[in-house]
Amino acid sequence: MLISEEKNVTTVTASGINRIELDTRIHLFLMPQETDRIFKALQGFCEDLKLESNEFNQLTLTEELDLADLTILYIKDATWGSDKMKQLRSEPKHFLKPILAVYEQAPDNFTELVDLNLTWPVLQSDFGVKVKELLKVASNVQDLIAVPNSIGDTGLKKLLILRHLYTRESGILIPTRNHLSSVGYSFPTAQILFNVKSGEEVAFLEELEESQLLTSKLIDKVNICPFCEHTQINFREICPHCRSLNISEETTIHHFRCAYIGRDSEFRHGLNLTCPKCSRELRHIGVDYDKPSEVMWCNDCNQNFSEPLLSCYCLACAKTFPPENMPIKRINKYTLSQDGIRAAEEGVLPGSGLINILKKEVGFYKREVFMEMLRIEVFRCRRYKYKSTLSKFNLGSAGEIPTSRKFKNDFAAVINQTFRTTDLFTDSRSGEILVIFTNTDTANAKIAFSRLKTSIDQIAITKIKIDYDLFDLAAQDDSMEGIWEKLN
Ligand SMILES: [Zn+2]
Ligand SMILES: [Zn+2]
Ligand SMILES: [Zn+2]
């Protein structure tokens, strides 16, 4: 089906010169060994599109999935379709490529694993509109710059999530209700990409949010088990005396004369009430007896009470806990933040986990703002013989950086002990941290770093390396531009 191959086509339209998608190939996917009339019709549509307008004339049909920039899935069989979508969305090299699903029969519900859907019979014009829309996405994907190998597997997948949002106009990740998910919701595209059980993908999105690459908006709050973090919790009322589940509600009667308290059924004989303890007849409410508010009865220990105890039973891990110990998990929808857009464009995830904590604790200035403050600081130091130090540093680790909440809190505490609120921070383009220690000479800045090293060694199991350079801002020998050059 390889029809023609044209590269870098530029066409002139009424509005001026438009750069059109580079060598866009459409991959039309079909069930093996089956080339039926619908498939042929779709194939015809694609070829007609090429004739129809300049915008489409560089389309190439290909049988090789790897060459395709846009895949059209013609789905006869729902299971087959779902498998193919999952296959495409699970492979990083295909993950971003737009997919149009053409169903022979309308499915029960459309999945968000594909970008757009059509159900047969399809008008050629509708087909053209959808393909055109997806060519825009394909073009966005082609424009992305390559990702360095050093990013690692998880890093790459996180970046792909950012890039998926970046290349789609909607640019939003919305959770789908899913009773099979541990948290009751899932993000199908992320779940397939990270290859985890439904619900576990949320942790990756939360990490991206923690790194300030995603912005979240609350959608729902779910109760989760404090032990296994699943949301499948059974809430049940139990006896506060013996914790039995076997409780029921029944009118309670208190006989004044003998002080007996019992269930209505123990007293009742037809229309009359007779005390089961002293056998006297109860005639007048308020005179002979009253009805206490403790109307809940335990059928096991036979005690009565007004309020049953609420107990939570986790259907996933079988642990029981009181409701006040139950954490609430926020379910969010996500969009790209400014930093997220930058990461998607540059193809790198900023810093390690440690840098993100640092960022959160001390607050980073925008580079341009930092540069301006540096300029002022250099001026002050040189004119008034005032001592300030500029430092460029890096936190590296040989092993995996601990991800526990405790480590993060400890690290945040160390940061707050080491740096002062008057120190100014930003990060360089290469991911290093720049800090101005105001009113501090280089000797004291050095002491600060050695203290930082000692404190980190006390809390981290893995060795964390701190590399740093110091610049004396009062030194006359460097121009502002010279300093900036050394930093970037
Ligand atoms: Zn009981
Ligand atoms: Zn009695
Ligand atoms: Zn549990």
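The values are calculated or read from the model by the stated rules, or taken from the named source; none is laboratory data. Bear in mind the structure is a predicted one, so any value in this text is a computation, not a measurement. Positions of Cβ are backbone-derived with ideal geometry, glycine not excepted, and every protein chain shown enters the neighbour counts. Heads up: the accessible areas ignore ligands, DNA and RNA and are worked out on the full protein's heavy atoms, side chains in. Shrake-Rupley method; radii C 1.70, N 1.55, O 1.52, S 1.80 Å.
Here's a check for you: in the range 302-332, which residue that is charged (D, E, K, R) and open to solvent by 60 Å² or more (accessible area, probe 1.4 Å) is nearest to residue 218 (Cα to Cα)?
330
Considering only the range 294-317, I want to know if a residue exists there that is of a type in the set (A, V, I, L, M) and more than 16 Å from ligand 1 (Cβ to nearest atom).
Checked against the condition, which is being of a type in the set (A, V, I, L, M) and more than 16 Å from ligand 1 (Cβ to nearest atom), the range 294-317 yields at least one hit.
If a residue counts only when it is modelled with pLDDT of 85 or more, open to solvent by less than 30 Å² (accessible area, probe 1.4 Å) and within 22 Å of residue 165 (Cα to Cα), which strands (runs of 3 or more DSSP E) contained entirely in the range 55-109 have at least 3 such residues?
Counting at least 3 such residues, we get 70-75, 99-103.
Looking only at the range 208-242, count how many residues are closer than 20 Å to residue 333 by Cβ, within 16 Å of ligand 3 (Cβ to nearest atom) and open to solvent by less than 40 Å² (accessible area, probe 1.4 Å).
Count: 3.
Matching residues to (1) part of a loop (DSSP other than H, G, I, E, B); (2) at pLDDT 90 or above:
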residue: 431; (1), (2): yes, no
residue: 436; (1), (2): no, yes
residue: 443; (1), (2): no, yes
residue: 448; (1), (2): no, yes
residue: 453; (1), (2): no, no
residue: 465; (1), (2): no, no
residue: 471; (1), (2): no, no
residue: 476; (1), (2): yes, no
residue: 481; (1), (2): no, no
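Considering only the range 113-154, state which residues are surrounded by fewer than 15 Cβ atoms within 10 Å (Cβ to Cβ) and under 25 Å from residue 204 (Cα atoms).
Matches in the range 113-154: 145, 146, 148, 149, 150, 152, 153, 154.
Quick check on the range 255-267: of everything there that is surrounded by 15 or more Cβ atoms within 10 Å (Cβ to Cβ) and over 58 Å from the mean Cα position of the chain (by Cα), which residue is farthest from ligand 3 (Cβ to nearest atom)?
Filtering first and then ranking leaves 255.
Buried (at least 16 other Cβ atoms within 10 Å of the Cβ) and either at pLDDT 95 or above or not assigned by TED's automatic domain parsing to the domain that holds residue 188 (or both), is that true of residue 299?
So residue 299 does not fit the description; no.
Restricting the search to the range 342-386, which residues are in contact (Cβ under 8 Å) with a residue 24 or more places away in the chain and hydroxyl-bearing (Ser, Thr, Tyr)?
352, 365, 386
Checking the structure you have, find out if any residue of the range 246-254 is part of a strand (DSSP E or B), in contact (Cβ under 8 Å) with a residue 24 or more places away in the chain, within 16 Å of ligand 2 (Cβ to nearest atom) and of a type outside the set (S, T, N, Q).
Yes, the range 246-254 has at least one match.
In the range 267-375, which strands (runs of 3 or more DSSP E) lie fully inside it and hold 3 or more residues that are within 16 Å of ligand 2 (Cβ to nearest atom)?
The strands (runs of 3 or more DSSP E) meeting that bar are 272-274.
State all residues of the range 392-411 that are at pLDDT below 85 and touching an Asp or Glu at 6+ places or on another chain (Cβ under 6 Å); if no residue qualifies, say none.
Listed by number, the list holds a single entry, 394.
Condition first: open to solvent by 10 Å² or more (accessible area, probe 1.4 Å) and under 19 Å from residue 346 (Cβ atoms). Can you find one or more residues in the range 183-204 that meet it?
No, the conditions are met nowhere in the range 183-204.
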